Structures are given as structure tokens and as C-alpha cells.
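This report concerns only the one structure given below.
The values are calculated or read from the model by the stated rules, or taken from the named source; none is laboratory data. Treat the numbers as computed from the prediction; the structure is a model and nothing was measured. Don't worry about glycine lacking a Cβ; one is built from the backbone with ideal geometry, like all the others, and counts go over all protein chains shown.
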Amino acid sequence: MNSSTHSTELDQTRLPSHVAIIMDGNGRWARKRLFNRVRGHERGVEVVREIVRAAREIGISILTLYAFSTENWQRPKVEVTALMALLRKFLRSELQEMQENNIRLNTIGETERLPDNVRKLLQENMALTEKNDGMRLNLALSYGGRAEIVRMVQEIAGKAKAGTIDPDAITPELISDHLYTKGMADPDLMIRTSGEMRVSNFLLWQIAYAELFITDTLWPDFSREEFTQILKAYQSRDRRYGKVSDH
Ligand code: IPE
Ligand code: IPE
Ligand code: MG
């Protein structure tokens, strides 16, 4: 089945605008095959390519991928180094694809903690794709929801102290405007691969009303087909937002 067949099965009027994915299970995929964990990450990058392409073709506006958490810095140095090298390779190889597909690259997280050569590539690619308006690809790198919230509180408290924000005027919108995802709609759908029933510090504020979907599939085995099936399942969910269903 090709991609266009898949997209026609989806109700184009009820697509999630923003999809967030916790790409988990690379290590377990590798271990099952007696491979080094890095082989799992390499395979994971291939799946990133496929899912970015699929999301763009389907018509998703924002795709946020959890690629590296603040906690992931505590992994063995060889693994962190390999992940940074893979990230560099990805950024180099995908620039053309992003331009051709009108994809705008963005990052969320403490990018100042990333190695200089990665940061530089990110900045270049973000600047070069700035005008693309087909889909926004948000890479969560050195991202942690709690760290993001701390940063937001510090900024707002600083403004309150300086007298530019009135504490009584703090609203959910003002808080959203001080997060990395400023100006973006909250995720409608959050997917986690590899079966863990947890959010692992991802987008804590933003997922208040996201539909959650957890699949046992390990990220390197995830596919465009399964992604489409999840989007279909999403379309059959009744999003009530605490209210009473209207049908
Ligand atoms: C997800 O796969 C990728 C990153 C967190 C960078 P893992 O590396 O967490 O794989 P498992 O969970 O050990 O299988
Ligand atoms: C979440 O996966 C982070 C990313 C996918 C980048 P982890 O493997 O780091 O999370 P835990 O350890 O299962 O909570
Ligand atoms: Mg994991």
C-alpha cells in the first residue's frame, strides 16, 4: 500500500495538528539481536526519516520528536557521544529533504548543553529552513519538562520583580508563552513506542489534554503503516475536554 492510499483512509478534517512522539526502545531492539545499543539508535534514525516524511505527506502541522532527554546525559559517555554523532549525521543528510518538503526545523530543550558542532549545525539548518511552512519539525534535544517549567518560572518571576508582569495577570496563556513551544498549539496526540506507561518528563504542561497512545512496538520497528493506524484510532476518540459529549 502506498502513502496516498493511507492518507485517503484518514479523515482529513480531523487530523491532529500537533503530534508528539516518545521514540523509545532502540536499546531493546539492539539487545534482542545481540547488537550494540548504538546499532539500535542507527536504525532508529532511519525510522525518524520515514515518520517525518509520512507526517508531512499526511498533513500534520507540527511533529515533535523526543530525541534526547535531560536525563539521557547520564548514559555512558560512549552512548552519548554516538548519539551526538548520529544527530550531526542526520542534520547534514536531511537538510535537502527538509528544503524539498518545505519542512521547518526547530528545537526545544537546553540546546546550550549540546556540543558546539551539533549546535552550530542546528542553528544553520534552522536558519536555512526558517521560511518553510509545510510542517514544523521540533526536535526535543536535551529536553526535560521540569527544566522547561523551571526556566519559565524564572523568566516570569524575573519580569514580576522588574515590574513588567503583574502577578495577578499570570494566565495559562502567559505560561505557554514562556515555554520552548511558545506560539505552537499543544500536542493533540502523544505516542510512545516500546510499551512503557510513562511520560518520562516530556512536555508536562503541554500534554494536559493530549490523547495518549502507547504501542508495544520498539521504535526501530515502528512504521508509516502503524503511524497511520494510530492516527485512525485517534480520529475515533471522543475528546471531551472535561465537558459532556455533544453526540
Ligand atoms: C530511545 O531508545 C532513544 C533515546 C532515549 C535516545 P532507548 O535508548 O531508551 O532504548 P531502550 O529503552 O533502552 O530500549
Ligand atoms: C525517553 O526515553 C526519552 C527519549 C525517548 C529521548 P528513556 O528511555 O530515556 O526514558 P525512561 O528511562 O524509559 O523513562
Ligand atoms: Mg528507553
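Would a scan of segment 11-19 turn up a residue that is within 13 Å of ligand 3 (Cβ to nearest atom), at pLDDT 95 or above, closer than 29 Å to Leu204 by Cβ and touching a Gly at 6+ places or on another chain (Cβ under 9 Å)? The answer is no; no qualifying residue exists.
Conditions tested, residue by residue: (1) surrounded by fewer than 13 Cβ atoms within 10 Å (Cβ to Cβ); (2) β-branched (Val, Ile, Thr).
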site	(1), (2)
Glu173	yes, no
Leu179	no, no
Leu189	no, no
Arg198	yes, no
Leu204	no, no
Ile207	no, yes
Ser223	no, no
Val244	yes, yes
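The condition (being outside any loop (DSSP other than H, G, I, E, B) and over 21 Å from Ser200 (Cα atoms)) is satisfied by just one residue among Leu137, Leu122, Leu141: Leu122.
Each residue in segment 127-140 was checked for being more than 16 Å from ligand 3 (Cβ to nearest atom) and either buried (at least 16 other Cβ atoms within 10 Å of the Cβ) or in contact (Cβ under 8 Å) with a residue 60 or more places away in the chain (or both), and 8 pass. Beta carbons closer than 7 Å, at least 6 apart along the sequence or on distinct chains, pair a first residue in segment 23-38 that is over 19 Å from Glu50 (Cβ atoms) with a second that is near ligand 2 (Cβ under 8 Å from one of its atoms) and not in a loop (DSSP other than H, G, I, E, B) for Arg37/Gly27. If you check Leu203, Leu218 for being in contact (Cβ under 8 Å) with a residue 24 or more places away in the chain, over 23 Å from Asn106 (Cα atoms) and within 12 Å of ligand 2 (Cβ to nearest atom), only one passes: Leu218.
All conditions in (1) in contact with a helix residue (DSSP H, G or I) (Cβ under 7 Å, 6 or more places away or on another chain); (2) within 27 Å of Arg146 (Cα to Cα); (3) more than 15 Å from ligand 3 (Cβ to nearest atom) hold for Phe68, with the sole exception of (3).
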